[in-house]
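Down below is the structure, laid out as structure tokens.
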Amino acid sequence: MTIELEEMSHREVGKFDEVIFPTGSTEQHGHHLPLGTDSILALTFSTELARKKDIALCPPLKFGFSGEHAGFPGTIDIGLEGFSAAVRGVVQSLLKTFSRVYIINFHGGNSAALEAIVKELGRDDVYLIHFWRAAAKIMSDLTEQDEIGIEHAGEFETSFMLATRPELVGEGKRGPDASISTPGGRTYGRTWLSDQMTETGAFGGAQLATRDKGRAFIEKCLSSLSEIIDEIRKDAGED
């Protein structure tokens, strides 16, 4: 039985109580990765998770809040208002059919907007899962860098693409050797623009990427996401 919402009839949709709504982006990912890297991540992980946990899968939102990358050609930034309106519309539609919605975000630039939207909705049946936060410990364990900072088209996105879509990984310059850390950490901050931080648009140790690392990353992240779903269901009183 299919788990993809777009492949079901309206009668088949009723077989599912829960739905995953992935959010990604279409934005520059350096000289060596495609614009759709975040959305490829979103669809790959969300499809496997939906199959594993018997959850319906909504088509991913492939456009995001990507102003930090707008200085490079090809980036599609629908802005805060456009992104927020799209997410609200999709979630409110899904809530007419499903008893629980999991928003899983795969683009860091969407995070603050999504947190505000979920808070504004005020629903106990809408959950926001931050993929990159769930993956942080996994990346820390697998990295060959001294310290993981901000990554974009770096060690792990490139490893993921080598493991899943190697034909889309180019041979171009892969950017600075290390991840970038911004001053202030969680204490204070300001906006940053990728074209002011790197010539290529990529940072985060992409030269360290390997297919085997990508496979390990996928396996461990899928396990982490599965555990999060289990925890949410347990918290809701489900066995």
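Laboratory data are not the source of any read-out in this text; all were calculated from the coordinates shown. Source: prediction; values computed, not measured. Cβ coordinates were reconstructed from backbone atoms using ideal geometry, including for glycine residues, and neighbour counts include every protein chain displayed.
Values as computed for the structure displayed
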| quantity | calculated |
| --- | --- |
| Label point distance in nm, ASP146-ILE232, each placed 7 Å from Cα along Cα→Cβ | 3.9 nm |
| Candidate lysines for bridging to LYS96, where Cα separation is under 18 Å - those fewer than 8 sequence places away on the same chain excluded | LYS15 |
| Part-to-part distance (alpha-carbon centres) for region 1-72 and region 94-144, which is given in Å | 12 Å |
| 5 angstrom amide H check on VAL126, placed H, neighbours 5+ away | VAL101 |
| Computed label-point distance, nm, for sites LYS15 and GLU48 using a 7 Å Cα→Cβ extension | 2.4 nm |
| Globularity ratio of region 5-235, using Cα Rg and 2.2 N^0.38 Å | 1.00 |
| Spatial extent of region 1-136: Rg and Dmax, with the Cα atoms as the point set, Å | 14.7, 45 |
| Inter-label distance, nm, simple model (7 Å from Cα along the C-beta direction), GLU6/ARG133 | 2.8 nm |
| By average C-beta atoms within 10 angstrom, highest first, the peptides 154-167, 33-46, 82-95 | 33-46, 154-167, 82-95 |
| Average Cα contact separation per residue, region 5-235, under 8 Å, 6 or more apart, as relative contact order % | 23 percent |
| Rounded to 5, percent antiparallel among DSSP beta bridges of the chain | 20 percent |
| Dipole magnitude of the chain, debye to nearest 20 (Cβ charges: Lys/Arg +1, Asp/Glu -1, about Cα centre) | 280 debye |
| Farthest toward positive dipole pole in region 5-235 [+1 Lys/Arg, -1 Asp/Glu at C-beta], among THR75, GLY214, SER226 | SER226 |
